[in-house]
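One structure is given below, encoded as structure tokens.
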Amino acid sequence: ALAALSDEAHVRRSREMVQQGRQQLYGLLGAMGLEYLPSQANFLWVRTGAPSQELVPRLAREGVLVRPGHFWGYPDWLRVTVGTAAQNLRFAEALRAALHS
């Protein structure tokens, strides 16, 4: 971890990936008509309108892991980690399917 933090090029690439991933997720979620909270971190909150306790296992069956919001008092929100472009797209596709099943 210390070596990664001292590698300025690695830190810069990681920041850029997260920034690009957030923008991609904003677009994907906006296209789905879902509310989200803009973030400066490597995760964001998404309001799905469905109970997170039901969505989390549906997404997990598709290999997509997210955190349910009910732990923090937000039962229809998910905490989603920003991933690569392919991972973000897979999340959005799995979420769309989970919301319509």
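The values are calculated or read from the model by the stated rules, or taken from the named source; none is laboratory data. Model, not experiment: these values are computed from the prediction. Virtual Cβ from ideal backbone geometry, glycine too; neighbours counted across all protein chains shown. Keep in mind that these areas ignore ligands, DNA and RNA; they rest on the heavy atoms of the full protein, side chains included. Shrake-Rupley method; radii C 1.70, N 1.55, O 1.52, S 1.80 Å.
For region 72-101, the tally of residues that are assigned to a loop (DSSP other than H, G, I, E, B) and of a type in the set (S, T, N, Q) stands at 2.
Residues are listed down the side, and each one gets a yes or a no for (1) within 18 Å of residue 42 (Cβ to Cβ); (2) open to solvent by 30 Å² or more (accessible area, probe 1.4 Å); (3) in contact (Cβ under 8 Å) with a residue 12 or more places away in the chain:
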| residue | (1), (2), (3) |
| --- | --- |
| 61 | no, yes, no |
| 69 | yes, no, yes |
| 75 | no, yes, yes |
| 91 | yes, no, yes |
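Look at residue 54 and say whether it is free of Cβ contacts under 8 Å to residues at least 12 places away in the same chain, under 12 Å from residue 76 (Cβ atoms) and not β-branched (Val, Ile, Thr). Answer is yes for this residue.
Pull out all pairs, ordered by first then second residue, where Cβ-Cβ is under 9 Å, the residues are six or more apart or on different chains, the first lies in region 24-50 and is on the phi > 0 side of the Ramachandran plot, and the second is in a strand (DSSP E or B). These pairs meet every condition: 49/35.
For region 1-17, does any single residue satisfy the condition of being free of Cβ contacts under 8 Å to residues at least 60 places away in the same chain and in contact with a His (Cβ under 8 Å, 6 or more places away or on another chain)? Yes, some residue in region 1-17 is free of Cβ contacts under 8 Å to residues at least 60 places away in the same chain and in contact with a His (Cβ under 8 Å, 6 or more places away or on another chain). With the structure loaded, tell me whether residue 26 is surrounded by 14 or more Cβ atoms within 10 Å (Cβ to Cβ) and closer than 30 Å to residue 1 by Cα or whether it fails that test. It is true that residue 26 is surrounded by 14 or more Cβ atoms within 10 Å (Cβ to Cβ) and closer than 30 Å to residue 1 by Cα.
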